[in-house]
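**Q** This is the structure I have questions about; it appears just below.
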Amino acid sequence: MTDPSPPVRLSARLRDVRGSAIRDLLALTARPDVISLAGGLPGTDLLPRDRVAAALATAAADPAAVQYGETAGLRRLREVLAAVEGERLGRPLAAADVVVTSGSQQALDLVARATLDPGDPVVVEDPAYVGALQVFQAAGAALHAVPVDGGGMAVDVLAARLAAGLRPALVHTVSSFHNPTGATLAPERRAALAGLADRYGFLVVEDDPYGRLAFDGRAPVPVAAHGSRVVRLGSASKVLAPALRVGWLTGPAPLLAAVERLKQCTDLCGSTLAQSVAADLLADTPWFTAHLAALRAALRDRATALTDAVRTHFGPALTWQDPSGGMFCWVTFTDGTRPADLLPGALEHGVGFVPGTAFAAGADAHGHAMRLCFASNPPSRLRTALRRLAAAGGRPAVPAT
């Protein structure tokens with residue numbers, strides 16, 4: 001039978017964009033018998049569905065909420081976000097200082113399109129957020145990887161490369177509770193990074209969807225609080241609900257104007273209905289404060305359950321840094337095990353994870369590491385998942401407790 005699909009000419013830039021191993025894994029881990037530690041998904045049981053439903057009913061009764069809106073986003077939401085971001089930065093912001101996007105991924109893509117020409121140097125972390133790699137590859141950027149350690153991006157390594165002549169257009173960092181390692185950029189590194197941006201003239205892209213998920217309730221002071229050459233990306237996906245698809249950015253006014261113009265080419269405007277819901281929830285300070293406290297407590301319990309189970313079933317065969325917030329734990333085998341080789345057997349045993357190689361900014365890196373997401377499952381399922389993972393690796397069974 002002849003293939004009915006005709007050949008289609010695709011752009012040259014697409015050849016450099018690798019697929020997301022995480023997105024591919026979601027199909028494999030969607031089976032009901034598989035406990036997924038793979039995707040960076042908030043636990044469905046932690047999403048405020050009743051409060052979202054109430055806000056949705058209120059919004060749907062407003063004719064303006066089901067109509068086209070401003071490209072930059074619903075003004076009420078931008079006012080709320082200006083207050084939220086201004087409090088984090090320690091300086092006042094206005095609605096005009098915020099552009100609302102369809103999730104922070106669209107914000108990242110628009111920033112790249114607004115600032116990069118093919119061949120422009122961009123600094124990324126290694127291991128890196130996969131979505132950032134895809135965006136910068138699509139823009140035709142020349143990627144320069146800087147390692148991440150327990151204190152976040154190694155800013156001293158970046159400084160040395162800048163002194164040696166590297167001149168990036170952008171430096172991207174997931175500054176708080178890093179995806180995938182869970183590390184948080186140390187305060188002195190934040191100030192140093194902003195200082196380097198001022199000295200060398202590049203823009204820092206501070207990707208911050210997890211900052212409010214600090215287990216101790218103290219969100220780290222943003223990099224943008226230390227300088228003006230920083231564009232901050234935020235998201236409602238991890239603190240409210242991913243399906244709202246509400247993200248935002250703040251930064252230099254010329255960049256915001258360029259992003260808004262490009263956004264007109266992409267979608268004209270986002271969902272006014274979803275933005276109305278987000279504005280309702282974020283503006284309800286007593287409710288949102290209580291919701292965040294409960295969310296952080298639940299995530300802390302899940303992180304503890306995961307790391308306790310890792311310790312029980314793997315002992316010294318794995319090393320990791322205990323999470324202090326966010327959604328991820330980055331673990332590394334010390335016995336030579338390669339998670340990419342372990343994954344097929346793990347899926348057969350009913351558990352999924354992401355091998356560290358999926359996050360490599362360079363070739364064949366992080367072959368002994370894997371990312372485990374603790375946010376998606378309650379403690380009991382996390383303990384079951386680690387028992388299955390140990391069994392897949394042929395490790396002695398440990399009785400359930």
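The values are calculated or read from the model by the stated rules, or taken from the named source; none is laboratory data. All values derive from a computational prediction rather than experimental measurement. Don't worry about glycine lacking a Cβ; one is built from the backbone with ideal geometry, like all the others, and counts go over all protein chains shown.
**Q** Hey, could you check segment 157-178 for residues that are outside any loop (DSSP other than H, G, I, E, B) and without any contact (Cβ under 8 Å) to a residue 12 or more places away in the chain and say which is farthest from Leu133 (Cα to Cα)?
**A** If we filter segment 157-178 for residues that are outside any loop (DSSP other than H, G, I, E, B), which is where we start, we get 157-163, 170-174.
Next cut, without any contact (Cβ under 8 Å) to a residue 12 or more places away in the chain only: 157, 160, 163.
Working: Val157: 20, Ala160: 23, Ala163: 24 Å.
For segment 157-178, the residue satisfying everything is Ala163.
**Q** Quick one: how many residues across segment 117-165 are more than 18 Å from Arg13 (Cα to Cα) and in contact with a Phe, Trp or Tyr (Cβ under 6 Å, 6 or more places away or on another chain)?
**A** 3
**Q** Is it true that Thr181 is crowded, with 22+ Cβ neighbours inside 10 Å, outside any helix (DSSP H, G or I), in contact with an Asp or Glu (Cβ under 7 Å, 6 or more places away or on another chain) and modelled with pLDDT of 95 or more? Reasoning before the result, please.
**A** Working: crowded, with 22+ Cβ neighbours inside 10 Å: yes; outside any helix (DSSP H, G or I): yes; in contact with an Asp or Glu (Cβ under 7 Å, 6 or more places away or on another chain): no; modelled with pLDDT of 95 or more: yes.
No, not satisfied.
**Q** Right, something else. Filtering segment 249-273 down to residues that are touching an Asp or Glu at 6+ places or on another chain (Cβ under 8 Å) and surrounded by 15 or more Cβ atoms within 10 Å (Cβ to Cβ), which residue is farthest from Pro42 (Cα to Cα)? Spell out the reasoning first.
**A** Just the residues of segment 249-273 that are touching an Asp or Glu at 6+ places or on another chain (Cβ under 8 Å), to begin with: 250, 253, 256, 269.
Add one more test, that the residue is surrounded by 15 or more Cβ atoms within 10 Å (Cβ to Cβ), and what stays is 250, 256, 269.
Values: Thr250: 24, Leu256: 29, Cys269: 26 Å.
Among those residues, the one meeting the criterion is Leu256.
**Q** So which of Ala54, Ala72, Ala82 ends up being in the same structural domain as Gly182 (by TED's automatic domain parsing), modelled with pLDDT of 95 or more and part of a helix (DSSP H, G or I)?
**A** On the way: Ala54 fails: in the same structural domain as Gly182 (by TED's automatic domain parsing); Ala72 fails: part of a helix (DSSP H, G or I).
Matching residue, one of Ala54, Ala72, Ala82: Ala82.
**Q** Test Pro121 against the stated conditions and say whether it is more than 21 Å from Val277 (Cβ to Cβ), surrounded by fewer than 22 Cβ atoms within 10 Å (Cβ to Cβ), modelled with pLDDT of 95 or more and out of contact with any helix residue (DSSP H, G or I) (no Cβ under 9 Å at 6 or more places or on another chain).
**A** Working: more than 21 Å from Val277 (Cβ to Cβ): yes; surrounded by fewer than 22 Cβ atoms within 10 Å (Cβ to Cβ): yes; modelled with pLDDT of 95 or more: yes; out of contact with any helix residue (DSSP H, G or I) (no Cβ under 9 Å at 6 or more places or on another chain): yes.
Yes: the conditions hold for Pro121.
**Q** Ala358: part of a helix (DSSP H, G or I), touching a residue at least 24 places away in the same chain (Cβ under 8 Å) and under 18 Å from the mean Cα position of the chain (by Cα), yes or no?
**A** So Ala358 passes the test.
**Q** Look at segment 311-339 and say how many of its residues are part of a helix (DSSP H, G or I) and surrounded by 17 or more Cβ atoms within 10 Å (Cβ to Cβ). Walk me through it before giving the result.
**A** Step one: of segment 311-339, the residues part of a helix (DSSP H, G or I) are 311-317, 339.
After this cut, where a residue has to be surrounded by 17 or more Cβ atoms within 10 Å (Cβ to Cβ) as well, the list is 313-314, 317, 339.
Of the residues in segment 311-339, 4 are part of a helix (DSSP H, G or I) and surrounded by 17 or more Cβ atoms within 10 Å (Cβ to Cβ).
**Q** Specify the residue that is nearest to Asp322 (Cα to Cα); the eligible residues are those in segment 342-386 that are among the β-branched types (Val, Ile, Thr) and crowded, with 21+ Cβ neighbours inside 10 Å.
**A** Filtering segment 342-386 for residues among the β-branched types (Val, Ile, Thr) gives 351, 354, 357, 384.
With crowded, with 21+ Cβ neighbours inside 10 Å added as a condition, the list becomes 351, 354.
Working: Val351: 21, Val354: 18 Å.
Top of the filtered list is Val354.
**Q** All but one of (1) in contact with a Gly (Cβ under 6 Å, 6 or more places away or on another chain); (2) over 30 Å from Ala197 (Cα atoms) hold for Gly103; state the number of the condition that does not hold.
**A** Tallying (1) in contact with a Gly (Cβ under 6 Å, 6 or more places away or on another chain); (2) over 30 Å from Ala197 (Cα atoms), Gly103 fails exactly one: (2).
**Q** Run Thr307 past the list (1) exposed (fewer than 15 other Cβ atoms within 10 Å of the Cβ); (2) farther than 20 Å from Pro48 by Cα; (3) hydroxyl-bearing (Ser, Thr, Tyr) and report the number of the one that doesn't hold.
**A** Just one mismatch for Thr307, condition (1).
**Q** Counting only residues that are under 21 Å from the mean Cα position of the chain (by Cα) and either more than 16 Å from Gln105 (Cβ to Cβ) or modelled with pLDDT under 95 (or both), give me the strands (runs of 3 or more DSSP E) lying completely in segment 200-285 with at least 2 of them.
**A** Details: elements: 203-207, 230-235, 247-250.
Qualifying strands (runs of 3 or more DSSP E): 203-207.
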